[in-house]
1. Residue A:215: more than 14 Å from every other protein chain (Cβ to nearest Cβ) and either touching a strand residue (DSSP E or B) at 6+ places or on another chain (Cβ under 7 Å) or under 15 Å from residue A:41 (Cα atoms) (or both), yes or no?
2. Keeping to region A:517-549, report how many residues are surrounded by fewer than 24 Cβ atoms within 10 Å (Cβ to Cβ) and not in a helix (DSSP H, G or I).
3. Specify which of the listed residues (A:415, A:420, A:410) is over 30 Å from residue A:322 (Cα atoms), in a loop (DSSP other than H, G, I, E, B) and within 18 Å of the chain's Cα centre (by Cα).
4. Sort through B:77, B:39 and tell me the only one that's within 11 Å of chain A (Cβ to nearest Cβ), touching a residue at least 12 places away in the same chain (Cβ under 8 Å), within 18 Å of residue B:158 (Cα to Cα) and in contact with a strand residue (DSSP E or B) (Cβ under 7 Å, 6 or more places away or on another chain).
5. Given the conditions (1) away from every other protein chain (no Cβ under 14 Å); (2) under 15 Å from the mean Cα position of the chain (by Cα); (3) crowded, with 19+ Cβ neighbours inside 10 Å, report the number of the one that residue B:49 does not fulfil.
6. Can you tell me which residue is surrounded by the fewest Cβ atoms within 10 Å (Cβ to Cβ) among those in region B:86-102 that are part of a loop (DSSP other than H, G, I, E, B) and more than 7 Å from chain A (Cβ to nearest Cβ)?
7. Mind listing just one residue for me: the one in region B:103-113 that is away from chain A (no Cβ under 12 Å) and under 26 Å from residue A:165 (Cβ atoms) and, of those, surrounded by the fewest Cβ atoms within 10 Å (Cβ to Cβ)?
8. Mind checking which residues of region B:6-20 are out of contact with any helix residue (DSSP H, G or I) (no Cβ under 8 Å at 6 or more places or on another chain) and closer than 10 Å to residue B:209 by Cα?
């Protein structure tokens with residue numbers, strides 16, 4: 001009984017710092033409508049800055065409080081800087097580009113943190129008062145846990161007062177509903193947004209610093225906390241502070257009990273709860289139906305069949321690709337194989353997010369599931385490569401159908417956040433299930449059978465499967481199903497009014513895209529001879545997004561061009577520099593600022609302007 | 001008070017305002033009449049800056065405001081009441097008024113919630129009601145009151161009579177007259193000629209993004225052929 005109590009208190013204390021971070025995220029989202037990926041980076045910076053500040057201050061509790069406040073202020077200033085320099089420029093961009101843009105910031109901050117503070121974890125030396133215990137029901141409970149438990153409700157109350165009792169808060173709530181109208185009434189939006197961002201960043205920094213005594217400042221904080229915060233915000237209801245509070249309590253307590261009771265299934269448990277909440281309340285515990293903020297509408301460009309010139313060009317490229325093994329050496333051939341796999345991966349993502357209108361931030365999940373299914377078929381079930389390549393799309397498609405059942409009801413940022421959270425959970429599950437997947441060591445020795453062991457034969461097989469699948473996806477887009485899919489994307493209600501079942505159509509598209517990505521994953525497993533958890537990492541999902549967005553969502557050729565360009569550039573980048581994260585991040589930031597509609601999209605616009613002027 | 005000179009505006013590639021020019025003297029009430037799609041709403045949105053004009057000059061009390069940010073234009077003294085009211089549904093009546101509050105102007109007595117409640121007595125009884133739980137007529141009154149809180153020199157009203165019950169329209173006529181008597185210049189976009197006749201003294205007819213007729217509203221009233229030519233559906 002009392003052990004339960006201790007576990008409960010531990011969970012509640014963990015929930016506090018999670019709440020601070022999630023509250024910041026939800027406040028920023030409410031006003032700016034930007035899902036700020038870099039919020040995790042601000043939390044991580046909060047932890048590092050907190051470490052630097054607190055280790056320089058005396059050890060008394062009053063100095064601790066001062067250090068935390070100082071850290072929050074520094075983080076708030078950094079947030080204001082970030083907003084005025086960068087984020088301000090992308091408020092009118094499509095939301096997926098916003099997510100990608102803030103992910104670019106994540107990458108840059110990671111390298112900057114590594115450079116400033118070094119690669120080692122930095123634990124906070126605990127002052128005596130931080131180590132003291134309080135006796136509750138005969139159990140020794142850390143004093144600091146109790147302090148943290150109190151901070152959550154206090155911050156919630158302070159925020160509530162701020163938002164309901166001050167003019168600033170009233171303006172923020174008004175801007176959350178209709179920012180153009182607020183501007184027409186004489187309120188400077190820019191200043192309002194900057195201050196909101198500073199508040200959110202301050203909360204993130206404070207959350208990061210407050211978690212220090214129980215953990216350490218480390219380079220994994222950013223992505224770990226942002227996944228948790230996404231889950232909390234989605235479960236609580238986007239934009240709702242009390243919702244975020246309830247959800248962080250729920251998730252915090254669940255995680256603390258899960259670690260004791262079912263260490264392997266903690267993350268799966270979180271996902272199950274999240275799914276259950278969203279089935280019963282699609283807008284989260286305390287959320288309201290999301291309307292797009294007034295004063296912004298994105299028209300989707302039409303997807304048109306390629307011009308005859310482009311078709312001939314494509315055919316020529318295909319012939320060249322088919323002849324490549326006769327000329328290319330083994331290294332170039334393996335790069336080309338990777339390019340083909342990337343091509344199918346990008347095409348499957350494009351299928352979902354372009355015509356399907358479902359922007360996935362966790363597309364690597366299906367790729368990884370396919371890869372693991374293939375590897376498991378060969379190593380675990382002793383089946384052949386044929387069975388492996390059959391199982392890969394099958395299992396991935398099945399998983400996509402299962403998960404899609406929850407997800408396709410959502411749209412926009414909800415969908416992006418949930419797909420990301422799901423991918424993270426699959427990643428963690430594969431990482432934790434060491435007996436089956438080998439954990440971090442992966443599954444090795446997944447090689448093709450003798451008849452396909454020749455690099456050239458495997459290349460031709462990959463070419464056949466990838467091009468055939470990509471063409472099949474294209475064929476589907478121009479079939480009645482494809483038109484129905486685009487109709488549900490452009491206007492769900494009107495599509496339903498003419499008799500289309502939007503949820504079924506989306507689910508079918510989601511499943512198809514998942515299966516295609518799974519096939520790409522299966523091929524990748526045999527091409528590399530091994531599978532690792534990093535097949536499902538966020539950065540792989542982002543790779544896919546970059547390929548699609550580089551090429552442009554508007555055209556079917558876009559992801560193909562993007563995949564080829566990106567794979568080539570990235571291999572060069574890895575060879576050239578250690579700071580590939582910072583370089584890639586800066587590249588993303590620059591690209592989004594320069595081409596808010598994707599490279600192909602921007603060229604397409606220029607071309608149109610030239611023709612119609 | 002307001003001078004508009006060869007104003008052009010686009011929605012995407014559609015050329016909506018095609019060289020629109022007119023002016024309003026201080027204290028006047030001008031009504032912009034025209035068919036659906038003639039460019040009435042776009043004119044008002046271009047004035048407040050929600051639609052960025054492609055070219056043309058706009059001066060408010062001698063100050064150039066064309067192409068400025070909406071908040072700067074509002075602070076220069078232009079008030080805007082949109083067609084669909086755009087009340088903040090989660091905010092109470094008092095909070096909606098607070099969002100509109102700007103510093104007093106020119107030494108004139110500022111609008112306060114109490115003065116506005118005298119003008120719109122219905123609102124006085126629902127100070128703490130969320131905007132989302134009000135009727136269309138009440139929302140329209142609140143929208144006007146909220147804009148008056150900014151003490152505008154000139155107020156833009158986009159079809160204030162649209163979709164309202166006749167009793168409420170009657171009430172709106174009184175409120176707009178009272179507003180004018182207190183010294184606010186008024187620019188009104190309307191389709192309802194009877195409402196326009198009741199509140200305006202000047203009229204301008206807009207057709208395909210240009211002003212085709214400009215004069216005292218009495219002249220329009222006296223000339224059925226003119227009404228027939230420009231305003232019949």
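1. Numbers: more than 14 Å from every other protein chain (Cβ to nearest Cβ): yes; either touching a strand residue (DSSP E or B) at 6+ places or on another chain (Cβ under 7 Å) or under 15 Å from residue A:41 (Cα atoms) (or both): no.
So residue A:215 fails the test.
2. Of the residues in that region, 4 qualify.
3. Details: A:415 fails: in a loop (DSSP other than H, G, I, E, B); A:420 fails: in a loop (DSSP other than H, G, I, E, B).
The unique qualifying residue is A:410.
4. Numbers: B:39 fails: within 11 Å of chain A (Cβ to nearest Cβ).
The unique qualifying residue is B:77.
5. (1)
6. Of the residues in region B:86-102, the ones part of a loop (DSSP other than H, G, I, E, B) are B:86-91, B:101-102.
Adding the requirement that they be more than 7 Å from chain A (Cβ to nearest Cβ) leaves B:87, B:101.
Details: B:87: 24, B:101: 19.
The residue in question is B:101.
7. Within region B:103-113, the first condition is being away from chain A (no Cβ under 12 Å), and the residues that meet it are B:104, B:106-113.
Within this subset, residues satisfying the condition of being under 26 Å from residue A:165 (Cβ atoms) are B:104, B:110-113.
Working: B:104: 11, B:110: 15, B:111: 24, B:112: 14, B:113: 17.
My answer is B:104.
8. The first filter runs over region B:6-20 and keeps only residues out of contact with any helix residue (DSSP H, G or I) (no Cβ under 8 Å at 6 or more places or on another chain), leaving B:6, B:8, B:10, B:12, B:14-15, B:18-19.
Hits for region B:6-20 are B:8, B:15, B:18, B:19.
The values are calculated or read from the model by the stated rules, or taken from the named source; none is laboratory data. What you see is a predicted model; the values in this text were computed from it and never measured. Here the Cβ is made from the backbone with ideal geometry for all residues, glycine too, and neighbour counts use every protein chain on show.
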